[in-house]
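Visitor: Encoded as structure tokens, here's the structure I'll be asking about.
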Amino acid sequence: MQKRALVVGLGIAGMSAAIGLRQAGWTPVIVERAPERRTGGYFIFMFPEGVRAAADLGIADHLHTRNPEWRPGGNSWSVDRRGRRKPALGLLDAPSGLAAVLRSDIEAALWQGITGDGTEDAVEVRFATTPVEITEGAGGVRVLLEDAGTGKQYLEEFDLVVGADGMRSSVRRMVFGPDEDYLANWKAMICAFQMKEQVPTYEASDSIIVSRPKRAMWVFGLADHAPCAWLTYRTDDIPDRFAGPSIEQVRAAFSGIEDDPVVRHVLDSLEQAPDHVFDSIHQVKMDRWSTGRVVLVGDAAWCMNTYSAMGSSSSLRGGAALGAALREHPDDLAAALDAWEAGLRPYITSQRRSARIKQQRFVPSSRPVQVLVSGVLDLVRRVVHRRLAAEFTAAAAPTAAAVPSGRTR
């Protein structure tokens with residue numbers, strides 16, 4: 001008999017885990033509290049670890065990437081206090097192997113992976129369904145599930161429960177304890193959304209940075225899609241930030257610089273956006289990601305937060321690694337989970353630590369820090385853009401074999 005696993009959450013972590021489980025010979029069942037699959041989402045990076053995990057999960061061919069073609073002078077600009085633009089180090093400039101995608105691009109590729117291509121059975125997905133109680137017994141896990149549409153509750157037994165339901169995980173609360181035991185408050189907020197059109201006077205694939213102490217606005221240009229906006233600011237009164245309409249909160253955070261054309265356009269675009277993400281920034285810190293037959297993956301287990309830029313890559317890697325560990329230890333679940341965590345934790349720990357440094361790039365904590373970061377990034381930009389310009393020129397130049405020789409009549 002195939003072992004059954006309940007996966008809670010239909011996001012990147014949940015679908016990655018489901019595919020990994022299926023590759024290990026398990027039968028996963030996904031439950032999702034939303035009534036249907038969400039298809040929105042803002043701009044994110046996939047690092048090489050995520051790209052490799054996508055290949056391991058068999059979804060690489062379904063993944064649509066949107067990297068703009070680099071051009072001499074670069075695609076990124078920073079805007080100073082006087083509204084002047086100057087070349088900036090884009091996030092796609094320095095590292096190699098980065099993929100620019102929308103969250104929906106990754107989820108669409110994963111969805112195609114779990115629904116099957118005719119060679120495998122589709123993974124069962126139950127929408128508008130949530131776990132209410134999780135009780136572990138000698139031979140399995142009893143889960144009380146609730147159908148949001150009918151209110152009906154029913155018991156089912158599984159060999160494993162995978163909590164992939166995000167930073168404020170209900171599985172984590174039920175099995176490991178309350179949120180306050182694991183959530184580290186970073187005293188910052190984020191707002192992200194897809195724009196309908198680029199900021200006037202900029203190229204369609206340009207990225208734009210407006211950075212001030214304790215608040216910053218980023219516009220990420222894409223190859224074949226309207227840009228995405230990403231706004232963040234530091235604040236000590238996070239509970240109050242959820243007291244009123246989110247758009248009003250964001251406008252208040254950027255008061256005093258709303259006359260800047262970029263800021264004004266982005267804030268106006270936020271008003272027109274059909275949906276947006278508005279949330280506080282936290283990290284999840286846990287000494288162990290599993291207990292018995294319950295394991296957490298993705299943001300539920302190790303949320304490194306948006307400043308790390310590694311959330312999607314780590315979720316893909318976590319799901320692929322879980323499947324690999326279960327294949328290596330098919331008859332010993334405890335050994336499989338131990339091996340999975342031992343292999344993954346050093347990578348997660350290093351990325352979590354780097355998030356504090358990355359936060360200073362995204363949203364400087366003070367004016368001196370902003371000046372320092374800007375100066376360092378400008379020096380790096382000069383070196384990187386010089387190399388990219390040389391590569392661009394070499395690629396554009398005709399090869400010697402293509403150049404005709406001799407005299408023509």
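Visitor: Being farther than 20 Å from Met46 by Cβ and free of Cβ contacts under 8 Å to residues at least 60 places away in the same chain: is that true of Gln360 here? Steps first, answer last, please.
Guide: Values: farther than 20 Å from Met46 by Cβ: yes; free of Cβ contacts under 8 Å to residues at least 60 places away in the same chain: yes.
Spelling it out, Gln360 is indeed farther than 20 Å from Met46 by Cβ and free of Cβ contacts under 8 Å to residues at least 60 places away in the same chain.
Visitor: Checking Met217 against (1) open to solvent by less than 20 Å² (accessible area, probe 1.4 Å); (2) in contact (Cβ under 8 Å) with a residue 40 or more places away in the chain; (3) over 23 Å from Asp259 (Cβ atoms), only one condition comes out false. Which one?
Guide: Result: Met217 passes all but (3).
Visitor: Continuing with the same structure: Select, from Leu270, Leu326, the only residue that is outside the structural domain of Ile190 (by the TED database), over 17 Å from the mean Cα position of the chain (by Cα) and not in a loop (DSSP other than H, G, I, E, B).
Guide: Leu326
Visitor: Another question about this same structure. Return the pair list, or none, for Cβ contacts closer than 7 Å from residues in the range 272-288 that are touching a residue at least 24 places away in the same chain (Cβ under 8 Å) to residues that are open to solvent by less than 20 Å² (accessible area, probe 1.4 Å) and part of a loop (DSSP other than H, G, I, E, B), at least 6 apart or on different chains.
Guide: Going by the 7 Å Cβ cut-off, the qualifying pairs are Ile281/Asn305; His282/Cys303; His282/Asn305; Gln283/Cys303; Gln283/Met304; Gln283/Asn305; Val284/Cys303.
Visitor: What's the number of the condition Arg241 fails, among (1) at pLDDT 95 or above; (2) closer than 30 Å to Val8 by Cα; (3) basic (Lys, Arg)?
Guide: Going through the list (1) at pLDDT 95 or above; (2) closer than 30 Å to Val8 by Cα; (3) basic (Lys, Arg), Arg241 breaks only (1).
Visitor: While we're on this one: Give the residue that is farthest from Cys303 (Cα to Cα), with candidates limited to residues of the range 149-173 that are open to solvent by less than 90 Å² (accessible area, probe 1.4 Å) and of a type in the set (D, E, K, R).
Guide: So, considering only residues that are open to solvent by less than 90 Å² (accessible area, probe 1.4 Å) and of a type in the set (D, E, K, R), the one farthest from Cys303 (Cα to Cα) is Glu156.
Visitor: List the residue pairs whose Cβ atoms are under 8 Å apart, where the first residue sits in the range 134-158 and is in the same structural domain as Ser290 (by the TED database), the second is of a type in the set (Gly, Ala, Ser) and surrounded by 13 or more Cβ atoms within 10 Å (Cβ to Cβ), and the two are 6 or more positions apart or on different chains.
Guide: Glu136/Gly292; Val141/Gly292; Asp147/Ala128; Ala148/Ala128; Gly149/Ala128; Glu157/Gly140; Phe158/Ala5; Phe158/Gly140
Visitor: Does Gly20 fit the bill of being in contact with an Asp or Glu (Cβ under 6 Å, 6 or more places away or on another chain), among the small types (Gly, Ala, Ser) and touching a residue at least 24 places away in the same chain (Cβ under 8 Å)? Steps first, please.
Guide: Working: in contact with an Asp or Glu (Cβ under 6 Å, 6 or more places away or on another chain): no; among the small types (Gly, Ala, Ser): yes; touching a residue at least 24 places away in the same chain (Cβ under 8 Å): yes.
Considered against the rule, which asks whether it is in contact with an Asp or Glu (Cβ under 6 Å, 6 or more places away or on another chain), among the small types (Gly, Ala, Ser) and touching a residue at least 24 places away in the same chain (Cβ under 8 Å), Gly20 comes out as no.
Visitor: If we scan the range 328-347, do we find a residue that is out of contact with any Lys or Arg (no Cβ under 9 Å at 6 or more places or on another chain) and hydroxyl-bearing (Ser, Thr, Tyr)?
Guide: There is no residue in the range 328-347 that is out of contact with any Lys or Arg (no Cβ under 9 Å at 6 or more places or on another chain) and hydroxyl-bearing (Ser, Thr, Tyr).
Visitor: Let me ask something else. Condition test on Gly177, is it under 24 Å from Gly41 (Cβ atoms) and loosely packed, with under 13 Cβ neighbours inside 10 Å? It would help to see each step written out before you state the result.
Guide: Values: under 24 Å from Gly41 (Cβ atoms): no; loosely packed, with under 13 Cβ neighbours inside 10 Å: yes.
Here the answer is no, as Gly177 does not meet what is asked.
Visitor: Kindly evaluate Leu231 against the criterion of being surrounded by fewer than 18 Cβ atoms within 10 Å (Cβ to Cβ) and in contact with a strand residue (DSSP E or B) (Cβ under 6 Å, 6 or more places away or on another chain).
Guide: No: the conditions fail for Leu231.
Visitor: Report the residue count in the range 231-275 for those that are more than 25 Å from Gly40 (Cβ to Cβ) and among the acidic types (Asp, Glu).
Guide: Residues meeting the conditions: 6.
Visitor: Give the residue that is least open to solvent (accessible area, probe 1.4 Å), with candidates limited to residues of the range 242-263 that are within 23 Å of the chain's Cα centre (by Cα) and in contact (Cβ under 8 Å) with a residue 40 or more places away in the chain.
Guide: Here the answer is Val250.
Here's the yes/no breakdown for (1) modelled with pLDDT of 95 or more; (2) in contact with a His (Cβ under 9 Å, 6 or more places away or on another chain); (3) open to solvent by less than 10 Å² (accessible area, probe 1.4 Å):
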| site | (1), (2), (3) |
| --- | --- |
| Met1 | no, no, no |
| Ala5 | yes, no, yes |
| Ala18 | yes, no, yes |
| Trp26 | yes, no, no |
| Ile30 | yes, no, yes |
| Arg38 | no, no, no |
| Ala53 | yes, no, yes |
| Asp56 | yes, no, no |
| Asp61 | no, no, no |
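Visitor: Would you mind finding the one in Ala192, Ala204, Ala188, Ala184 that is more than 18 Å from the chain's Cα centre (by Cα), small (Gly, Ala, Ser) and assigned to a strand (DSSP E or B)?
Guide: Ala184
The values are calculated or read from the model by the stated rules, or taken from the named source; none is laboratory data. What you see is a predicted model; the values in this text were computed from it and never measured. With ideal geometry, Cβ positions are generated from the backbone for all residues, glycine too; neighbour counts draw on all protein chains shown. These area figures cover heavy atoms from the full protein model, side chains too; ligands, DNA and RNA do not enter into them. Shrake-Rupley method; radii C 1.70, N 1.55, O 1.52, S 1.80 Å.
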